[in-house]
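Taking it in order: structure first as structure tokens, then the write-up.
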Amino acid sequence: MAAHTQTAAQVTRPAPPLNVWLPPVILGWVIPGGGHFLLKRTGRGALIFASVFLMFLFGLFMRGMMFTPQSGDVLTTLINYGGFVADIGTGALYLVAAMFGYSQPDMPGDVHDYGTKFLVTAGLLNILAMVDAYEIAAGRKD
Amino acid sequence: MPKITLSHFEAAFLFSLFTSVVMGITSKRTDKERLDYGVYCFACFLIALFGIAWLMRLGHG
């Protein structure tokens, strides 16, 4: 029990100040890889930007659907809200596409389906990159 | 805006590539570990892609 508590105490670290981690995380959301650029990890930032941007672009070119928050039964609500959160994870890419009126109805077909998955995954990958930027800013990673 | 039509393989290949790059970057601590993990993820995606494709092919007879 004592050993278990000691291990937990060793793992638990104090949260870093807000002004340290918030700018890279916010910039990382707005511009994929931007947080890494701010933290002087330009190589990694460029790779993240290229991956997320190209994935989003392929999703648009395949006419993938962007989710909107809709309620219904539990599964419908979960899919639509989850998909919406993942879609807005791409930050400026999502906002610019929405601003230019990109709106694709949910259509049958494997290409459209792949497009939808590409758009969602681009957002999820950017969220992963934001978490990475947070860990770098907090000094938990190099 | 241009419209592209990718085959299943092309779409899955690109998906695997982009996902592996980001997972490699965000998951490990040194550049060597990142590269190794990215290549490992990509290989796993492709093995799963071909494995499941063959399973479906054999399952359909």
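What follows draws every value from the coordinates through simple rules; no lab data is involved. What you see is a predicted model, and the numbers here were worked out from it, not measured in a lab. Cβ coordinates were reconstructed from backbone atoms using ideal geometry, including for glycine residues, and neighbour counts include every protein chain displayed.
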Within segment A:17-53, backbone nitrogen closer than 17 Å to the virtual label 7 Å beyond the Cα of B:Glu33 toward Cβ: A:44
Would you mind giving the three semi-axes, in whole Å and largest first, of the ellipsoid equivalent to segment A:1-110 according to its Cα gyration tensor? 34, 23, 13
Using alpha-carbon positions, what is the distance between the centroids of segment A:78-113 and segment A:21-36, in Å? 21
Nearest-0.05 FRET efficiency for B:Leu14 and B:Arg57, computed from C-beta distance (R0 22 Å): 0.50
Cα-based equivalent ellipsoid, the protein assembly as shown: semi-axes from gyration tensor eigenvalues, Å: 31, 23, 18
Do me a favour and compute the ellipsoid semi-axes for segment B:19-60 from its Cα gyration tensor, root of five times each eigenvalue, largest one first, whole Å. 29, 7, 5
Counting pairs on different chains as well as pairs 8 or more places apart, how many Lys pairs in the protein assembly as shown have Cα atoms under 18 Å apart? 5
Working from Cα positions, state the angle (0 to 90°, nearest 10) between the long axis of helix A:42-61 and the longest principal axis of chain A. 20
Looking at segment B:12-61, which trypsin sites (Lys or Arg not before Pro) are in a loop (DSSP not H, G, I, E or B) and have at most 12 other Cβ atoms within 10 Å? B:Arg29
What angle do you read, to the nearest 10 degrees and between 0 and 90, between the alpha-carbon axis of helix A:74-88 and the longest principal axis of chain A? 80
Rank A:Val74, A:Val25, A:Leu57 by how far each Cα sits towards the positive end of the charge dipole of chain A (+1 on Lys, Arg Cβ; -1 on Asp, Glu Cβ) and give me just the farthest. A:Val25
Degrees between helix B:31-60 axis and first principal axis of chain B (Cα, 0 to 90, nearest 10): 10
